[in-house]
Structure formats: C-alpha cells, structure tokens
Amino acid sequence: MSAPGGIERALYIARLRQRVSAWRSAGLRVGFVPTMGNLHAGHLALIDIARQHADRVVASVFVNPTQFAPGEDYARYPRTLEADAAALSARGCDLLFAPAVEEMYPEGTRGLVEVRVPGLEDLLCGSFRPGHFRGVATVVAKLFGQVRPDVAVFGAKDWQQLLVVRAMVRGLDFGIEIIAGPTLREPDGLAMSSRNQYLSAEDRQKAPVIHRTLQAMAAAVRLGASIPEAESAARIALEAEGFVVDYVAVRAAEDLGIPVAGQARVALAAARLGNTRLIDNISVDQ
Ligand code: AMP
C-alpha cells in the first residue's frame with residue numbers, strides 16, 4: 001500500500017518480507033533504521049547514513065510497549081505517522097514498516113521469547129527503567145528477523161542502547177553491521193528527542209543545562225579531576241537547576257564499566273524535569 005507520490009508502507013510482516021526479499025534477490029544491500037516515530041532531524045540524519053551504506057533503506061515506526069515500564073509514557077508517547085511518512089519520503093527512504101502492536105505481538109506479551117543482555121541491561125538507565133533494555137533487545141531482534149537488513153543505524157544519543165544492540169548482534173550471531181550516528185542537537189545544545197516536546201516553556205529553557213553539565217564534567221576529568229569528584233559536582237549543578245538526577249557518570253565507552261587507563265570514556269546523564277526524563281552523553285576524550 002502506498003500513498004500517491006509518497007513512501008511505500010508495509011503494515012504487515014509478510015508485505016515487508018516480500019519487498020525486502022525482492023531487493024535481496026536483485027543483489028541489493030539493505031539498510032535499516034528502527035524508530036518509535038515522531039521523527040526529527042536526528043532520526044532523519046540516520047536515514048542519510050543508512051543510504052550511504054546500502055542500496056535500499058527501510059525505516060520502522062513502532063512504539064514498543066514492552067520497553068516501557070508501568071507508569072512511563074507509553075500511552076502519551078507522540079504518534080505522528082502521517083508526518084513521519086512524509087518526512088521519510090522526502091528523505092528518500094524506500095520503505096516504511098509500521099506494524100500494529102498485534103502484528104508484532106500476535107500472542108500478546110505473556111510467554112514472549114525474550115533477549116537478555118546480562119550486565120549491560122542492568123546498569124545506568126537499566127537500573128532506573130527495569131525491563132527496558134530487555135524490551136529493546138527483544139523488539140530489535142524481532143525487527144532484525146523481520147527486515148533482515150545488512151546494516152542498521154542507531155543513534156549515539158542512546159549510547160547504552162547502542163551497546164546493548166551491538167552485544168546482542170555479537171552474542172546471537174546476527175551478522176548485521178551496526179553503525180552509530182552522531183547526536184543531533186538544538187542550537188542551544190539540547191539533544192533532539194521526541195520527548196523534548198513534553199517540556200514546559202520554563203523547563204525547555206533549563207533543559208540544555210544537561211549538555212553543558214556533561215561538557216563541564218568531561219573537561220574537569222580531562223584536566224585531572226577524579227571521576228567521583230567530577231560526578232558529584234555535576235550532580236550538584238543539575239540539582240541546583242531543578243533536575244531530579246537518575247545518574248550522572250563517567251564510564252568506559254565500550255562497556256560502561258569503571259574506566260581504566262587508556263580506555264575511551266563517555267560522560268552520561270539521565271535526569272528529570274517535571275514529568276520529562278532526558279538522557280544525553282558525550283565523549284570525554286575529544
Ligand atoms: P527513538 O525513536 O527515540 O527510539 O530513536 C530512534 C533512533 O534514533 C535511535 O537509534 C536513537 O538513538 C536515534 N536518535 C534519537 N535522537 C537522536 C538524536 N538527537 N540524534 C541522533 N540520533 C537520534
């Protein structure tokens with residue numbers, strides 16, 4: 001099914017498979033960008049990256065219920081499929097896969113076959129969002145099985161998610177190349193996110209403090225501050241602006257462990273303003 005002049009859409013796995021199989025039999029390389037929709041420039045930049053590594057690009061829009069804990073924003077998560085389809089079409093994406101929850105989980109989510117990534121799934125965001133990364137790994141595994149891409153692109157903005165997906169691909173021998181796209185930001189430094197629109201006007205003014213605090217923390221560590229010292233200064237700075245801090249930390253970029261000498265480091269934070277939970281990260285070793 002496709003809107004006149006618009007992007008081709010697949011609502012059903014069978015239709016998606018038919019399309020992608022035809023491409024694969026023609027020897028074309030398939031790129032994939034999974035999203036929850038409400039697309040912004042950060043998402044669309046991932047489409048461009050996929051295009052550089054593949055002959056055909058598939059994007060998915062699926063707000064995955066199993067990665068939201070009870071009480072989180074699943075019900076109010078912004079759903080803007082028509083605008084997303086238009087934006088993907090304008091960006092030259094070849095196929096939009098937008099399954100219903102019943103297509104993805106035809107037997108419901110009880111007794112679901114799940115993917116676990118022990119260690120990584122319980123750290124940082126995982127400890128504040130129980131079950132989140134299990135939900136992410138499971139739906140990404142299903143999407144990979146449905147799309148069967150050669151290459152998939154994920155944003156560095158969700159650093160822990162990127163590591164979870166890489167670990168899953170290695171651990172389960174998916175043989176899919178995973179590429180990281182850089183974090184796109186608003187002019188004031190706030191990382192673009194579908195959740196930014198939840199912010200009140202006042203909180204939107206404060207929100208870039210999260211990026212500035214990460215920059216200050218990374219600079220302090222580069223200049224020789226101890227990590228615990230830099231983390232506690234960053235926490236105090238965020239709390240002074242009214243953030244409720246889940247964590248603010250400097251970790252090894254490759255596994256989120258405590259960094260040892262010579263390891264690349266990442267500065268990460270998750271903090272709430274009102275009902276909005278924001279996450280961000282930057283490299284410490286620029
Ligand atoms: P989401 O729709 O939030 O699940 O995100 C879909 C993909 O877009 C994920 O790989 C995210 O990491 C990525 N993404 C989200 N925000 C940004 C951003 N500001 N810059 C680059 N990629 C992003």
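Can you find, within segment 22-43, the residue that is surrounded by the fewest Cβ atoms within 10 Å (Cβ to Cβ) among those that are more than 9 Å from the ligand (Cβ to nearest atom) and within 22 Å of the chain's Cα centre (by Cα)?
Val30
Keeping to segment 123-136, report how many residues are in a helix (DSSP H, G or I) and buried (at least 20 other Cβ atoms within 10 Å of the Cβ).
Matching residues across segment 123-136 total 7.
So which residues in segment 246-260 are over 15 Å from Arg212 (Cα atoms) and not acidic (Asp, Glu)?
Hits for segment 246-260 are Tyr247, Arg251, Ala252, Ala253, Leu256, Gly257, Ile258, Pro259, Val260.
The rows are residues; the columns are (1) of a type outside the set (Val, Ile, Thr); (2) part of a helix (DSSP H, G or I); (3) more than 19 Å from Thr276 (Cα to Cα).
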position	(1), (2), (3)
Arg204	yes, yes, no
Arg212	yes, yes, no
Gln215	yes, yes, yes
Ala219	yes, yes, yes
Gly224	yes, no, yes
Ser232	yes, yes, yes
Val248	no, no, no
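Could you tell me which residue of segment 152-175 is farthest from the ligand (Cβ to nearest atom), considering only residues that are surrounded by fewer than 21 Cβ atoms within 10 Å (Cβ to Cβ) and either among the polar types (S, T, N, Q) or without any contact (Cβ under 8 Å) to a residue 40 or more places away in the chain (or both)?
Here the residue is Asp173.
Would you point out the residue of segment 1-59, among those that are in contact with a Leu (Cβ under 6 Å, 6 or more places away or on another chain) and free of Cβ contacts under 8 Å to residues at least 60 places away in the same chain, that is nearest to Tyr77 (Cα to Cα)?
Ala59
Scan (1) part of a helix (DSSP H, G or I); (2) surrounded by 15 or more Cβ atoms within 10 Å (Cβ to Cβ); (3) within 16 Å of the ligand (Cβ to nearest atom) for the single condition Arg19 breaks and write down its number.
So the condition that Arg19 fails would be (3).
Restricting attention to segment 177-192, which residues are outside any loop (DSSP other than H, G, I, E, B) and within 9 Å of the ligand (Cβ to nearest atom)?
Within segment 177-192, Ala180, Gly181, Arg185, Ala191 meet the criteria.
With (1) closer than 15 Å to Leu96 by Cβ; (2) in a loop (DSSP other than H, G, I, E, B) as the list, and Arg9 as the residue in question, which single condition is left unmet?
(2)
Restricted to segment 66-107, and to residues that are in a helix (DSSP H, G or I) and touching a residue at least 60 places away in the same chain (Cβ under 8 Å), which residue is surrounded by the most Cβ atoms within 10 Å (Cβ to Cβ)?
For segment 66-107, the residue satisfying everything is Leu88.
Out of all the residues in segment 135-151, which are over 20 Å from Leu11 (Cα atoms), in contact with a helix residue (DSSP H, G or I) (Cβ under 6 Å, 6 or more places away or on another chain) and more than 12 Å from the ligand (Cβ to nearest atom)?
Ala137, Val151
For segment 137-151, give me each residue that is buried (at least 24 other Cβ atoms within 10 Å of the Cβ), under 26 Å from Arg277 (Cα atoms) and touching a residue at least 60 places away in the same chain (Cβ under 8 Å).
Within segment 137-151, just Val140 meets the criteria.
From the list Val61, Val30, which one is in contact with a Ser or Thr (Cβ under 7 Å, 6 or more places away or on another chain) and closer than 18 Å to Val140 by Cα?
Only one candidate qualifies: Val61.
No value in this document is a laboratory result; all are computed from the given coordinates. These figures come from a predicted structure and were not determined experimentally. We place every Cβ from the backbone using ideal geometry, glycine too, and count neighbours over all the protein chains shown.
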